[in-house]
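Report on the structure given below.
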Amino acid sequence: MNMILLGAPGAGKGTQAELLAQRLSIPAISTGNMLRDAMANGSELGKQVRTYMDGGLLVPDELILSIVADRVAQPDCSNGFILDGVPRTLAQAEALDQKGIGIDHVVSLEIDDDVIERRMTGRRVCSHCGSSYHIDAHPPKTAGICDQCGGELAVRKDDAPETVRRRLEIYHQSTEPLKDYYARSGKLRILDGSQSIEDVQQSILKAIGDLV
Ligand code: AP5
């Protein structure tokens, strides 16, 4: 079960990837979380990507492909994985194919840009493990504290309204064309990402044949 979650920034990819990972017992691989970890650790990769990430720009393909290839080669991916936030360009999608990283399902979560802009103002993320919350739609049990690890919740730097708008523009320009790429291989399922978190999860499970 190798799966890609496509969708605009804030469409709910990370939220759904975490739920799917628990249900299917396979890892969710978020390139955004991996890059934020690298920045937090002060690694060379973190230094290289900070300007792109803070500005809402895409990180160069070669950096992304290297970390993804390493990650999916880990033993915990042997029964499958969920890619959240990658591929994001045609070059990334083609490179995954060329590296022999097979994909069984591609789910695109669709949602209007204006709904996303409103959603992003309520997002809080764990500064320790990266888990994502929303102050109304998905609040933590204790305000400001991560349910998973007890870490402190914070607003992401790239969730500033003007940066969100730039990220949406880049999504429409560079990532949305991937829908045609995966539609051609018959793997794409387009789902309504504006439903409740639970309803989106049920739609994904049905789309991948895990629920009838
Ligand atoms: P990344 O971290 O991947 O950010 P993103 O794709 O922009 O997606 P988000 O994390 O913003 O949103 P999401 O779809 O996961 O939504 P979430 O579930 O959190 O990437 C960040 C940066 O890293 C990029 O800008 C780029 O610089 C770099 N990068 C990463 N990957 C790259 C790549 N492959 N190539 C190049 N550069 C790359 O939900 C959002 C909010 O809504 C949350 O508060 C959540 O609780 C809430 N919510 C979720 N679902 C619902 C629902 N159904 N109803 C109501 N609220 C909901």
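Odds and ends about this structure:
- Ratio Rg/Rh [Cα only; Rh per Kirkwood] for the chain: 0.93
- Charges were assigned to the Cβ only: +1 to each Lys and Arg, -1 to each Asp and Glu. The resulting dipole of the stretch 9-117 about its Cα centre is roughly 380 debye.
- Potential extension, Ala137-Ala160 segment - 0.36 nm per residue separation minus Cα distance: 6.4 nm
- Net lengthening on full extension, Thr121/Leu90 (0.36 nm per residue, minus Cα-Cα): 8.2 nm
- Amide H contacts for Leu83 (H built 1.01 Å from N in the peptide plane; partners 5 or more residues away or on another chain; cut-off under 5 Å): Met3, Ile4, Leu5, Ile29.
- Relative compactness, the stretch 128-182, computed as alpha-carbon Rg over 2.2 N^0.38 Å: 1.51
- Here the chain is assigned +1 on the Cβ of each Lys and Arg and -1 on the Cβ of each Asp and Glu. Its dipole about the Cα centre then comes out at about 180 debye.
- Annotation: amide H-H contacts under 5 Å for Ser131 (H modelled 1.01 Å from N, sequence separation of 5 or more, or interchain): Cys126.
- The phi-based Karplus calculation (6.51 cos²θ - 1.76 cosθ + 1.60; θ = phi - 60°) puts the 3J(HN,Hα) values of the stretch 24-33 at 9, 6, 10, x, 8, 10, 9, 5, x, 5 Hz, whole numbers, x for Gly and Pro.
- Entries of Lys13/Lys206; Lys157/Lys206; Lys47/Lys179; Lys179/Lys206; Lys47/Lys187 with Cα pairs more than 28 Å apart: Lys157/Lys206; Lys47/Lys179; Lys47/Lys187
- Across all C-alpha atoms in the stretch 65-140, the radius of gyration and Dmax reach 15.7, 42 Å.
- Across the stretch 196-205, rounded Karplus estimates of 3J(HN,Hα) from the backbone phi angles (6.51 cos²θ - 1.76 cosθ + 1.60, θ = phi - 60°) give 5, 4, 5, 5, 4, 4, 4, 4, 5, 4 Hz, Gly and Pro being marked x.
- The chain - percent relative contact order, Cα under 8 Å, separation 6 or more: 29
- Distance between modelled label sites at Arg184 and Gln98, nm, 7 Å Cα→Cβ extension: 1.5
- Entry comment: accessible area of the stretch 1-138 is 44 Å² per residue, from protein heavy atoms only and a probe of 1.4 Å.
- Size-normalised alpha-carbon gyration radius of the stretch 23-122, reference 2.2 N^0.38 Å: 1.16
- Qualifying trypsin sites (Lys or Arg not before Pro) for the stretch 102-194 [loop in DSSP, other Cβ within 10 Å: at most 16]: Lys141, Lys187
The values are calculated or read from the model by the stated rules, or taken from the named source; none is laboratory data. All values reported here derive from a predicted model rather than from experimental measurement. No Cβ is skipped: glycine too gets one built from the backbone with ideal geometry, and neighbour counts run over all protein chains shown. Side chains are part of the model used for accessible areas, which takes the heavy atoms of the whole protein and leaves out ligands, DNA and RNA. Shrake-Rupley method; radii C 1.70, N 1.55, O 1.52, S 1.80 Å.
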